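Have a look at the structure below, then the notes.
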Amino acid sequence: MRSIVSRFIPSKSSISRLYTSGLLRNWRLLSTDSNRVDEPFKVEEAETVKVPPPPSDKKLLVLGGNGFVGSHVCREALERGLSVSSLSRSGRSSIRESWADKVVWHQGNLLVPDSLKDVMNGVTAVISCVGGFGSNSHMYKINGTANINAIRAASEQGVKRFVYISAADFGVANYLLQGYYKGKKAAEAELFSRFTYGGVVLRPGFIHGTRQVGRMKVPLGVIGSPLEMILQHAKPLGRIPLVGPLFTPPVNVTSVAKVAVRAATDPVFPPGIVDVYGIFRYSKQE
């Protein structure tokens, strides 16, 4: 009986021979020459080609696009493949760079509401960089009334998103610039009443970077960059009564522009107020 069963159960030596022969057969299938060891694959390093972003059907209007912040916003939007136009009192920017030739420049006055309707046609998003200093009445008019007119015109024309570059609260300093801050607050209130789900307010502090003044470039980053590095990690200082807001860190103009364009074009970007620390956070995200 044992001899009959043993015929059906292979011995250990038989299993070993079968396993070895199977490996040899598989190796011959994988190699055309059994006496040669295949060399490892060589991977050629691919050449990196910078491909421009595809054209977008989103049309962005930048109010004050020929200013310090506005010009950086226009350039950032163009790099993202957006169709960009700008409206300002002086019209075309004096900056002689290649990106400026790709912007459609309009000359107009935000204090004349009727002049805004044609400029808003077909626009999907607006970024307002309009602001200024002077007497209290002048500051309220430029920072408040002008932006309120733009917000209302955009709402009536069916614009989906509106981003307003406002300013951080500097506490004691607000008293010295009452017209400036009252105008900003009035524009913010109008924005959130008209654009409940598509309104974003950026509140940067001191904005630094290279500023074009005529033919001269002013390197504001010489002061702003070191302060930004120090103060952005000193957030608890902002809680000091009265003087705390004076420790608000500066922010680079490119960061402001990047977050503004993203807020205007990304449908999932949350509406509301983005303070300087939020600008730091969003600018680091891709």
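Throughout, read-outs are computed from the coordinates displayed, never taken from laboratory work. Please read these numbers as outputs of a predicted model, since none were measured by experiment. So basically every Cβ, Gly included, is an ideal-geometry build from the backbone, and we count neighbours across all protein chains shown.
Observations
- In nm, spacing of pseudo-spin labels at GLU79 and THR196 (7 Å Cα→C-beta vector): 3.7
- In a DSSP loop and with at most 10 other Cβ atoms within 10 Å, the trypsin sites (Lys or Arg not before Pro) in the stretch 71-155 are ARG96.
- Take 266-274, 163-171 and order them by the average number of nearby Cβ atoms within 10 Å per residue, most first; the result is 163-171, 266-274.
- Members of LYS160/LYS185; LYS58/LYS117; LYS160/LYS258; LYS182/LYS284; LYS58/LYS284 lying beyond 25 Å, as alpha-carbon distances in this model show: LYS182/LYS284
- The stretch 93-166-the stretch 246-281 distance, computed between alpha-carbon centres (Å): 19
- Exposure proxy order (Cβ contacts within 10 Å, fewest to most) of TYR282, TYR175, TYR180, TYR277: TYR175, TYR277, TYR282, TYR180
- Sorting CYS129, CYS74 by the number of Cβ atoms found within 10 Å of their own Cβ, with the fewest placed first, yields CYS129, CYS74.
- Peptides 187-198, 59-70, ordered by how many other C-beta atoms sit within 10 Å of their residues on average, highest first, read 59-70, 187-198.
- Residues whose amide H falls under 5 Å from that of ALA168, counting only those 5 or more places apart or on a different chain, are GLY205, with hydrogens built in the peptide plane.
- In this label model, LEU111 and LYS185 are separated by 2.3 nm, measuring between points 7 Å along each Cα→Cβ vector.
- If you sort the three axes of the alpha carbon gyration tensor as a ≥ b ≥ c, you get a/c of 1.5 or more for the stretch 67-135 and a/b no higher than b/c, which makes it oblate.
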